[in-house]
Amino acid sequence: MRVDRALAGYIVLLLLPVAVSAVEGRVAYLSGEVTVTSGNTSAVAEIGMPVSEGDTVETGANATAIIELGRDAEIKLRANTITRIRELEERIDVELESGGLFAMVKRAVQKAFSVNTQSVVAGVRGTQFFVAFGREIEDTPDVWVCVNEGSVDVEVPQEGDRTVVREGEGINVLAGRQLTGAQPYDWTQDLNWNMDPQEGEVADDTDLDGAYEDLLDQDYD
């Protein structure tokens, strides 16, 4: 019996460092209705609430949330956005299911960072960028990717296409599958890139429908 107890205690000590070292995110800021779903359990978000791999964060109408992803990055969710945290350990991988988000990645971070939609992958190391769904054409919406700092690799894996979007540029992925040319867009100047509530308003209510005024003769074929 003494041997069993000693062995059990030893096993606990072996497992404890693994649990402590696990990478975990947290809710750093929120306004409006925000929920965090972990497994089959959903809860109203609170400042400081942990966010782990596999969790989903959803913002309601007129809501905003900022999620810290460990010490390496953070994301800001616009209203009516659903985002799932796919991975935080070896790399940071976020899935955007609806709406739009801003991402800020520390330049010194060694981990790869990517935001995925159903058809588009935007990957970076050290930058600030914006990803959002646009108008829905047929059954698949456009995807916007805009860069404020650094550069972003944008890829459509199913089509085998990729390009680089640089600082000050944006790109519209037509129906989530056809890359357009990266270029400066006037409407991106209205985006609220601020991720620090102490520096002022963080909510972004840019009208993405207005972004289409900058586009001419888009071909979805």
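The values are calculated or read from the model by the stated rules, or taken from the named source; none is laboratory data. Remember, it's a predicted structure, so these values are computed and weren't measured experimentally. Note that we place each Cβ from the backbone using ideal geometry, even for glycine, and neighbour counts take in every protein chain shown. These area figures cover heavy atoms from the full protein model, side chains too; ligands, DNA and RNA do not enter into them. Shrake-Rupley method; radii C 1.70, N 1.55, O 1.52, S 1.80 Å.
Figures for the structure shown
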| item | result |
| --- | --- |
| Checklist (1) in contact with a Gly (Cβ under 7 Å, 6 or more places away or on another chain); (2) surrounded by 21 or more Cβ atoms within 10 Å (Cβ to Cβ); (3) under 27 Å from GLU167 (Cα atoms) applied to ILE82, failing item | (2) |
| Close pairs (6 angstrom Cβ cut-off, 6 or more residues apart or separate chains): at positive phi in the stretch 183-208, part of a loop (DSSP other than H, G, I, E, B) and at pLDDT 95 or above anywhere | GLY200/ASN194 |
| Hits in the stretch 36-52 (condition: touching a residue at least 24 places away in the same chain (Cβ under 8 Å) and surrounded by fewer than 17 Cβ atoms within 10 Å (Cβ to Cβ)) | PRO50, SER52 |
| Residue list for the stretch 59-79, filter: outside any strand (DSSP E or B) and either under 23 Å from PRO157 (Cβ atoms) or open to solvent by 10 Å² or more (accessible area, probe 1.4 Å) (or both) | GLY60, ALA61, ASN62, GLY70, ARG71, ASP72, ARG78, ALA79 |
| Check on LYS106, open to solvent by 20 Å² or more (accessible area, probe 1.4 Å), closer than 22 Å to SER151 by Cα and in contact with a strand residue (DSSP E or B) (Cβ under 9 Å, 6 or more places away or on another chain) | yes |
| Any hit, the stretch 97-111, residues being touching a Gly at 6+ places or on another chain (Cβ under 8 Å) and polar (S, T, N, Q) | no |
